[in-house]
Amino acid sequence: MRTNAETAVALASHYLDVDQPQRALDVLDGIDGPDLDDAYLWALRTQALVDLKQFAQAAATARNGLSVDAESITVLDLLAIAEAELGELEAAETAILQALELEPEHPVLLCRYALLLARGGELGKATRVCAEAERIDPDDEAVIRCRIALAYVRGDNKAAARESRRLLAELDPDDPVGHTMLGVQAASRGSFRSASRHFDTAARYDLGDEQAVDLARRGRIHTHPLFWPILPFERFGPAASWLGAVAIMGLLAATGQDLLFAIFAGTYVLLCIYSWVVPPLARRWLSRERW
Amino acid sequence: MNEQDARDDLFQPSLRGVARKPREEGNRPWRLGSQFYVAFFGGPLAVAAIAWFNAERLGMPSSARRWIPAIGVAGLVASVVAAVAIDTDLGGAQRLIVRIAGVAAFGLLYLLQRAPDRVYHAFNEGDEDELYDSLWGPGLAATFGLGILQAIILAAVLGAA
């Protein structure tokens, strides 16, 4: 590779490190001719497009990279990411399995495959693949993250919280994924203040992460006094709170407590109407406030 | 199967023909919790119909989806049998039976859809309102349409009995 191209590649790599994918792409656009025969260059270009969420172009770029070097694990991995984001799970699996054929003991690739399988609904196999990655390196960050994601997908919030605490304790006390998962678990317990604190911490880690910022905003909104009357609905879910209310009303009616029945039923109906009408309006109103 | 075979099996493709394209509004799943209202007011047939379309939107495999109509029909049969066994002409008691059957069917359908719903929620970007469609229209249609059908079936069976 010529010196100019080497400089451009180093600069692009730096831009990707500091989360400036568009600049990285601009720099890489200046490279042409025989320098395009370097798979690393295609990997950088694909990475920039993935960061910009231009997944169709990323997949096409990765394929160009593979025509230069069909055994580039980085490019195969990026192709799998792009195809998965496009919803083409079969193509993503083909790419990740090719990478795993070259590096079968690579914990990051194994975790990527496990998450892809989970996305396709193959939770059992996903768990086995994640266990294989854990056997190879139980302390790898990717393995812990994969275990968190799989626990969440299985609906096991407690296991997700346990792994998240491990992630925060052993790797990074400010890790956004760890805090988001702890926030989700706190919210499922009805502890919206605690959830809001975790979502805030996750959002502060990267204010450019729209999803984390949105979660933090919604976490704060749920701690607003307007939401207090509907906390039982949030805590127990609509099904359990309806059944509970119906059971109490049935009990009051059966024991002849007509006045209590009327008060309870009236309050409950008002709360239901409140829960349908107020939260959407409050969300709209409060989300206008600066986060 | 020995350890090596089990390991090799891990690297066999499992996602042939599987695609999960981002869903547009009008074609997105419904919240599982909202299906409870359909079950409570519409009964097992109504909630099964909603769960069937939701399962399709969640990309559930047909092997899991085929349980949904079975649960709906089982709920209907259970409510008819219970109504005949109790042998009451009271409309309130019949409605209660249908509601209990609907809620029981909802419980099973919820368990069936829970993992795919979590997968959908975990791997798609956007807030709740962007991820899920409103169930108001389809829910009301199912509640009235299939709720009335269920009431007619119940009345016919009770009349014949």
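Readers should treat all values here as calculations from the given coordinates under stated rules, not as data from a laboratory. All figures in this text were calculated on a predicted structure; none of them were measured in a lab. With ideal geometry, Cβ positions are generated from the backbone for all residues, glycine too; neighbour counts draw on all protein chains shown.
Placing +1 on each Lys and Arg Cβ and -1 on each Asp and Glu Cβ, with no other charges, gives chain B a dipole about its Cα centre of roughly 300 debye. Normalising the average separation of contacting C-alpha pairs (under 8 angstrom, six or more residues apart) by the number of residues puts the relative contact order of chain B at 37 percent. Per-residue mean of foreign Cβ neighbours for B:17-29 is 3 (Cβ atoms of other chains, 10 Å radius). Using Cα atoms only, what is the angle between the long axis of helix B:136-160 and the major principal axis of chain B, expressed in degrees (0 to 90) to the nearest 10? With rounding to tens, the tilt is 50 degrees.
All distinct Cα pairs of the range A:63-184 go into the 1/r average, and the inverse of that average, the Kirkwood radius, is 14.8 Å. Using Cα pairs under 8 angstrom and six or more residues apart, how large is the relative contact order of chain A, in percent? Computed over chain A, the figure is 7 percent.
Residues in the range A:267-278 carry Karplus couplings, in order, of 4, 5, 5, 4, 4, 4, 4, 4, 5, 7, 8, 6 Hz; the curve used is 6.51 cos²θ - 1.76 cosθ + 1.60 with θ = phi - 60°, and Gly or Pro positions show x. With an a/c value of 1.5 or above and a/b not larger than b/c for the gyration tensor axes a ≥ b ≥ c computed over the alpha-carbon atoms, the range A:36-114 is described as oblate. In chain B, the longest principal axis of the Cα atoms and the axis of helix B:44-58 are about 10 degrees apart.
For the range B:9-64, the alpha carbon convex hull comes to 118 Å³ per residue, rounded to a whole number. Relative to the longest principal axis of the Cα atoms of chain A, the long axis of helix A:231-254 makes an angle of roughly 20 degrees.
Taking 10 °C and 1.306 mPa s as the conditions, I'd like the Stokes-Einstein D for the range B:98-161 in µm²/s, using the Kirkwood hydrodynamic radius from alpha carbon pairs. Result for D is 110 µm²/s.
Peptides A:203-210, B:46-53, A:96-103, ordered by how many other C-beta atoms sit within 10 Å of their residues on average, highest first, read B:46-53, A:96-103, A:203-210. Which shape class, rounded, prolate or oblate, goes with the range A:72-125 when its Cα gyration tensor gives a ≥ b ≥ c as root eigenvalues, a/c under 1.5 marks rounded, and past that a/b bigger than b/c marks prolate? The shape class here is oblate. Among all stretches of chain B without exposed trypsin sites (Lys or Arg not before Pro) (DSSP loop, at most 14 other Cβ atoms within 10 Å), which one is longest? Result, exposed sites excluded: B:67-161.
Please work out the Kirkwood hydrodynamic radius for the range A:207-291, using every pair of different C-alpha atoms, and report it in angstroms with one decimal place.
Averaging 1/r across every pair of different Cα atoms and inverting gives 14.8 Å.
What base-10 log of the normalised intensity I(q)/I(0) is obtained for chain B from the Debye formula, alpha carbons as equal point scatterers, at q = 0.13, 0.17, 0.19 Å⁻¹? For chain B, the Cα-only Debye profile gives -0.66, -0.94, -1.09.
The mean of 1/r over all distinct Cα pairs in the range B:47-116, once inverted, gives the Kirkwood hydrodynamic radius of 12.7 Å. Peptide A:82-88 shows a mean partner chain C-beta count of 4 within 10 Å per residue C-beta. Diffusion coefficient of the protein assembly as shown by Stokes-Einstein, Kirkwood radius over Cα pairs, 25 °C, 0.890 mPa s: 98 µm²/s.
Each residue of the range B:65-70 was assigned a 3J(HN,Hα) from its phi angle through the Karplus expression (A = 6.51, B = -1.76, C = 1.60, θ = phi - 60°), giving 5, 5, 6, 5, x, 4 Hz with x at Gly and Pro.
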